[in-house]
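Every number here is computed from the coordinates shown, using simple stated rules; none is lab data. These numbers were taken from a predicted model, which means no experiment stands behind them. So basically every Cβ, Gly included, is an ideal-geometry build from the backbone, and we count neighbours across all protein chains shown.
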Amino acid sequence: MIHVRQRMQEDLRLRNFSERTIRHYTHTVSEFAKYFHKSPDQLGAEHVRTFLLYLLNERKLAWGTIQGARSALKFLYTRTLKQTWFDQEIIKPKVRRKLPTVWSREEVCALLDAEMNIKHRALLALYYSAGLRCQEALDLKVTDIDSKRMIIHIREGKGKFPRDYSSQSTELVPL
């Protein structure tokens with residue numbers, strides 16, 4: 001199991017996956033191996049199916065987490081172990097998308113008015129108006145804000161993709 005784990009981590013790094021994804025994938029595969037008390041290279045399609053049902057029914061995990069576990073196991077079998085994936089036995093679940101909750105103008109004003117510290121208020125207004133993710137907001141530097149052109153440079157957004165936010169067009173512009 002140690003050799004498989006190390007090989008998988010190397011494969012994930014070669015594919016330029018983020019450290020967070022590498023941790024999640026290796027954790028999922030180690031849980032899979034512990035569940036059956038066997039190395040993953042000794043397990044097959046029925047084991048993967050049973051494990052995913054265990055995550056769904058007994059651990060009551062969210063569909064997104066189960067999809068992540070499926071992706072981790074698929075990567076293990078197809079990339080690291082060089083086996084074919086069990087497309088017929090382990091079908092991809094249908095994804096149900098939720099519409100985001102959009103706050104009214106009054107709710108946003110109430111949030112901003114509740115904050116008395118001017119710095120915190122400015123940060124909240126910037127995060128909400130630009131639609132920044134938490135990590136994007138934490139990584140933002142003063143030099144990333146071009147006030148003359150009214151653009152915010154987001155250096156490493158989700159998936160490490162850079163983009164610009166223009167307050168005039170109110171849309172994200174890929175670089």
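So here's what we get for this one:
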| quantity | calculated |
| --- | --- |
| Shape metrics for the chain, restricted to C-alpha atoms - Rg then Dmax, Å | 21.5, 61 |
| Within the stretch 18-157: Cβ-based charge dipole about Cα centre, in debye rounded to nearest 20 (Lys, Arg +1; Asp, Glu -1) | 320 |
| Length-normalised contact order for the stretch 105-174 - Cα pairs under 8 Å, 6+ apart - percent | 17 |
| Extension gain, W85 back to H3 (0.36 nm per residue minus Cα-Cα distance, nm) | 27.5 nm |
| Percent of C-alpha pairs per 5 Å bin, the stretch 2-80, short to long | 3, 16, 29, 27, 16, 8, 1 |
| Spatial extent of the stretch 91-138: Rg and Dmax, with the Cα atoms as the point set, Å | 15.1, 51 |
| For the stretch 105-174, fraction of C-alpha pairs farther apart than 18 Å, in % | 40 |
